[in-house]
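The values are calculated or read from the model by the stated rules, or taken from the named source; none is laboratory data. Predicted model only: the values in this text are computed from it and were never measured. Glycine gets a Cβ as well: all are built from the backbone with ideal geometry, and neighbour counts include every protein chain shown. What goes into the accessible areas is simple: the full protein's heavy atoms, side chains included, and nothing from ligands, DNA or RNA. Shrake-Rupley method; radii C 1.70, N 1.55, O 1.52, S 1.80 Å.
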Amino acid sequence: MHRSVVAFVCLAVAACNRGPGPITFDGAVTSDKAAIVAHGERLIHALGCTGCHGVHLEGSFLTQDQPQYGPLYASNLSVELPHYSDRQIDEMIRKGTHPERRTLWAMPSEIFQHLSNADMNALIADLRTAEPGGVPTQPPKTWAADAKEIIASGELKTAKDTVLQDAALGPTDLGPAYALGRYTTRVTCAECHGPKLEGDPHGTPGEPPNLIVAGGYTRAEFETLLTKGVLPNGRKFKNPLMGE
């Protein structure tokens, strides 16, 4: 989500030239249906939907290589979403609530709760165009022992609980001049770097880092890191999510 930040670099630059209006990515505020779907298609990639649900949104077995934490599946959106209304899809994405299941897990609703209405409408419009394919999502199963342990410890929470936990958190508000940048980081970077961009307290120290480190880069160096995953010394950044 966090994934494909490069897709927003051009969007953000273009949006900086807009006059006052809703904080959203450039291209969202339009009445042209085709343009709305096209914007939603960019969001599908830039928000990282394909990272979990697959390129064709047909779902995936998220913990296949980590059986101690599973089983956990990303839903096959291409066959499931047609059964739900736009409001229900919105609530699954932004509130982490499901109209039928008791809980949703690993859905980054804590960051998507900050998506503007215009961006959400475009996202749903594109999701509606997905061609059905793949196999139905596996029904919920009993958690593995390690997963039960981290759930009991409170380290892993449901999507709904994480939404409530992080709702009031965010990067420092520096005023209208930086509102778009705050919005961008809140709905992308925050998935890995935390709601206040201070790094993940549950991860390896410094991975992902507190984004205060961005102050040590020139603008050109930082854009190269975001868009190409290359550090100033020429070394390729080891996290494959950077530079996608």
Checklist entry - Tally time: how many residues in segment 143-199 are closer than 19 Å to Thr24 by Cα, surrounded by 12 or more Cβ atoms within 10 Å (Cβ to Cβ), without any contact (Cβ under 8 Å) to a residue 60 or more places away in the chain and among the hydrophobic types (A, V, I, L, M, F, W, C)? => result 2
Checklist entry - Among the numbered criteria (1) modelled with pLDDT of 90 or more; (2) more than 17 Å from the chain's Cα centre (by Cα), which single criterion is violated by Met107? => result (2)
Checklist outcome for this item: Over segment 71-88, the set of residues within 17 Å of Gln138 (Cα to Cα) and open to solvent by 70 Å² or more (accessible area, probe 1.4 Å) is His83
Checklist entry - Can you tell me which residues in segment 167-203 are of a type in the set (D, E, K, R) and touching a Gly at 6+ places or on another chain (Cβ under 9 Å)? => result Arg182, Arg186, Glu191, Lys196, Asp200
Checklist entry - Which residues, taken from segment 138-185, are at pLDDT 90 or above, of a type in the set (S, T, N, Q) and within 20 Å of Ala106 (Cβ to Cβ)? => result Ser153, Thr158, Thr162, Gln165
Next on the checklist: Can you confirm whether Gly40 is modelled with pLDDT of 95 or more and over 19 Å from Thr162 (Cα atoms)?
Outcome noted: yes
Checklist entry - Within segment 111-142, restricting attention to residues that are outside any helix (DSSP H, G or I) and either without any contact (Cβ under 8 Å) to a residue 12 or more places away in the chain or among the acidic types (Asp, Glu) (or both), which residue is nearest to His45 (Cα to Cα)? => result Glu131
Next on the checklist: Among the residues that make up segment 93-101, is at least one of them in a helix (DSSP H, G or I), touching a residue at least 24 places away in the same chain (Cβ under 8 Å), touching a helix residue (DSSP H, G or I) at 6+ places or on another chain (Cβ under 9 Å) and open to solvent by 70 Å² or more (accessible area, probe 1.4 Å)?
Outcome noted: no
Checklist entry - Which one is least open to solvent (accessible area, probe 1.4 Å) among residues in segment 220-234 that are within 17 Å of Cys189 (Cα to Cα) and part of a helix (DSSP H, G or I)? => result Leu225
Next on the checklist: I need the full set of residues from segment 52-70 which are open to solvent by less than 50 Å² (accessible area, probe 1.4 Å), farther than 15 Å from Leu104 by Cβ, at pLDDT 90 or above and touching a Ser or Thr at 6+ places or on another chain (Cβ under 8 Å), in order please.
Outcome noted: Gly54, Leu57
Next on the checklist: Looking only at segment 21-49, filter to residues that are of a type outside the set (A, V, I, L, M, F, W, C) and without any contact (Cβ under 8 Å) to a residue 12 or more places away in the chain; which one of those is farthest from Tyr73 (Cα to Cα)?
Outcome noted: Gly21
